[in-house]
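A quick write-up on the structure given underneath.
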Amino acid sequence: MPRRPARPKTGRQATGVDPEARRRNIVRLRRIEGQVRGLQKMVEEDRYCADVLVQLSSVQEALRAVARELLRSHLRHCATAAIREGAGAAAAMYDELTDLFHRHAR
């Protein structure tokens, strides 16, 4: 099994992440990385604009799918833990969730 990367410098860590969900997201992100490299090549080769736009739309939808999975995990684990922790942590989590929903509703 590959070694997990070092913790982020922010000090914040996800709570109770499902290993299978993490694996699925990593696979998706690697696929997206390949799609983005393909997009770059298409632009470098002056491919037909409509073809590039179709592929770009595909990448955007793939990123949205990863975002949905991460948001689901955040609600299930991180938000639940913060709400159970007490009023202060719950209030901070409500603010964070409101901001997340606002950012992703665009």
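Of all residue pairs spaced 6 or more apart or on separate chains, those with beta-carbon atoms under 8 Å, a first member in segment 77-94 that is β-branched (V, I, T) and a second member that is assigned to a helix (DSSP H, G or I) are I83/A89; I83/A90; I83/M93. Would you mind stating whether H104 is open to solvent by less than 80 Å² (accessible area, probe 1.4 Å), touching a residue at least 12 places away in the same chain (Cβ under 8 Å) and either touching a strand residue (DSSP E or B) at 6+ places or on another chain (Cβ under 7 Å) or not small (G, A, S) (or both)? No.
Here R72 clears all of (1) open to solvent by less than 80 Å² (accessible area, probe 1.4 Å); (2) out of contact with any Lys or Arg (no Cβ under 7 Å at 6 or more places or on another chain); (3) modelled with pLDDT of 90 or more except the condition numbered (1). Say whether the condition of being among the polar types (S, T, N, Q), touching a Leu at 6+ places or on another chain (Cβ under 7 Å), part of a helix (DSSP H, G or I) and surrounded by 14 or more Cβ atoms within 10 Å (Cβ to Cβ) is met by at least one residue in segment 79-100. Looking for residues that are among the polar types (S, T, N, Q), touching a Leu at 6+ places or on another chain (Cβ under 7 Å), part of a helix (DSSP H, G or I) and surrounded by 14 or more Cβ atoms within 10 Å (Cβ to Cβ), one finds none in segment 79-100, hence no. Screening Q60, Q55, Q35 for residues that are touching a Leu at 6+ places or on another chain (Cβ under 6 Å), in a helix (DSSP H, G or I) and open to solvent by less than 100 Å² (accessible area, probe 1.4 Å) leaves exactly one candidate, Q55.
The values are calculated or read from the model by the stated rules, or taken from the named source; none is laboratory data. The structure displayed is predicted, hence computed values, not measured ones. Note that we place each Cβ from the backbone using ideal geometry, even for glycine, and neighbour counts take in every protein chain shown. Surface accessibility is based on the protein's heavy atoms, side chains included, excluding ligands, DNA and RNA. Shrake-Rupley method; radii C 1.70, N 1.55, O 1.52, S 1.80 Å.
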